[in-house]
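First the structure, in the form of structure tokens, and then the observations on it.
The values are calculated or read from the model by the stated rules, or taken from the named source; none is laboratory data. Since this is a predicted model, take the numbers as computed values, not measurements. Here the Cβ positions follow ideal geometry from the backbone for every residue, glycine too, while neighbour counts run over all protein chains shown. Surface areas here come from the heavy atoms of the whole protein model, side chains and all, with no ligands, DNA or RNA. Shrake-Rupley method; radii C 1.70, N 1.55, O 1.52, S 1.80 Å.
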Amino acid sequence: MANSKMQDQSASARQSMSLYESMAPYGIDTQARIALIRQGIPASAISRLSARMGMSKELLLSSLGLSRATISRKEKDAGLLSKDESERVLGVEILIGMVQEMVVQSGDPAGFDAARWLADWLSRPLPALAGATAASYMDTFEGQRLVADLLSMSQSGAYA
């Protein structure tokens, strides 16, 4: 019985990873993002995201307020993240897409790596956050929205 449950979880995680990888979270509609969050993003997506960003997994987990032990267990079991965990990870993916779109709209995106640029920007103290880093706001939905707003303001020149 336990083996069957593990096989079901593994199949569900593979299906979710396939869905997750086929989507550009920034470009999909809100309903599809909500469905992805509800289904759960595979825990293995965190390792892939940290590699894309050139950011250590520990730093990414810390920024997102996620437990290393919990995520490691879920990765080992080929499990899915909870809704809350999925939403935080998806929020980072959306920010990467947002940065990429900003660069495309502003000029020539050739050679630009939005994921690595975002990782660097998140780690810098920002005057608009009283010297705090944007990474320190990534553990909540509201914090991620604030970070997205700061990125938008910087593109428009309304950066405070």
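Just to be sure I understand, how many residues within the stretch 83-96 are out of contact with any Lys or Arg (no Cβ under 9 Å at 6 or more places or on another chain) and of a type in the set (Ser, Thr, Tyr)? Result for the stretch 83-96: 0. Scanning the stretch 26-58 for residues that are in contact (Cβ under 8 Å) with a residue 60 or more places away in the chain and surrounded by fewer than 17 Cβ atoms within 10 Å (Cβ to Cβ) returns Gly27, Gly54.
Which members of the stretch 71-87 meet the condition of being open to solvent by 60 Å² or more (accessible area, probe 1.4 Å) and assigned to a helix (DSSP H, G or I)? Talk me through it step by step, then tell me what you get.
At the first step, the residues of the stretch 71-87 found to be open to solvent by 60 Å² or more (accessible area, probe 1.4 Å) are 73, 76-77, 83-84, 87.
Across the stretch 71-87, the qualifying residues are Arg73, Lys76, Lys83, Asp84, Glu87.
I want to confirm something. Restricting to the stretch 93-123 and keeping residues that are under 26 Å from Ser67 (Cβ atoms) and of a type in the set (D, E, K, R), which single residue is least open to solvent (accessible area, probe 1.4 Å)? If we take residues in the stretch 93-123 being under 26 Å from Ser67 (Cβ atoms) and of a type in the set (D, E, K, R), then Glu93 is least open to solvent (accessible area, probe 1.4 Å).
Looking at Leu150, Leu90, can you tell me which residue is part of a helix (DSSP H, G or I), among the aliphatic types (A, V, I, L, M), open to solvent by less than 40 Å² (accessible area, probe 1.4 Å) and under 19 Å from Ile28 (Cα atoms)? Steps first, please.
Working: Leu150 fails: under 19 Å from Ile28 (Cα atoms).
Leu90 is the lone residue from the list that is part of a helix (DSSP H, G or I), among the aliphatic types (A, V, I, L, M), open to solvent by less than 40 Å² (accessible area, probe 1.4 Å) and under 19 Å from Ile28 (Cα atoms).
Go through the residues of the stretch 59-70 one by one and say whether even a single one is within 17 Å of Thr30 (Cα to Cα), open to solvent by less than 20 Å² (accessible area, probe 1.4 Å), assigned to a helix (DSSP H, G or I) and of a type outside the set (Phe, Trp, Tyr).
Taking the stretch 59-70 and keeping what is within 17 Å of Thr30 (Cα to Cα), we get none.
So far as the stretch 59-70 goes, no, none of its residues is within 17 Å of Thr30 (Cα to Cα), open to solvent by less than 20 Å² (accessible area, probe 1.4 Å), assigned to a helix (DSSP H, G or I) and of a type outside the set (Phe, Trp, Tyr).
Could you check, for the stretch 96-114, whether at least one of its residues is under 27 Å from Gln39 (Cβ atoms) and of a type in the set (Phe, Trp, Tyr)? No; the residues of the stretch 96-114 include none that is under 27 Å from Gln39 (Cβ atoms) and of a type in the set (Phe, Trp, Tyr).
Tell me, yes or no, whether the stretch 133-147 has at least one residue that is assigned to a loop (DSSP other than H, G, I, E, B), under 26 Å from Ile37 (Cβ atoms), among the acidic types (Asp, Glu) and open to solvent by 40 Å² or more (accessible area, probe 1.4 Å).
So the first thing to find is which residues in the stretch 133-147 are assigned to a loop (DSSP other than H, G, I, E, B), and the list is 138-140.
Narrowing further to those that are under 26 Å from Ile37 (Cβ atoms): 138-140.
If we keep only those that are among the acidic types (Asp, Glu) as well, we get 139.
Applying the additional criterion that residues be open to solvent by 40 Å² or more (accessible area, probe 1.4 Å) yields 139.
Within the stretch 133-147 (the criterion being assigned to a loop (DSSP other than H, G, I, E, B), under 26 Å from Ile37 (Cβ atoms), among the acidic types (Asp, Glu) and open to solvent by 40 Å² or more (accessible area, probe 1.4 Å)), the answer is yes, since at least one residue qualifies.
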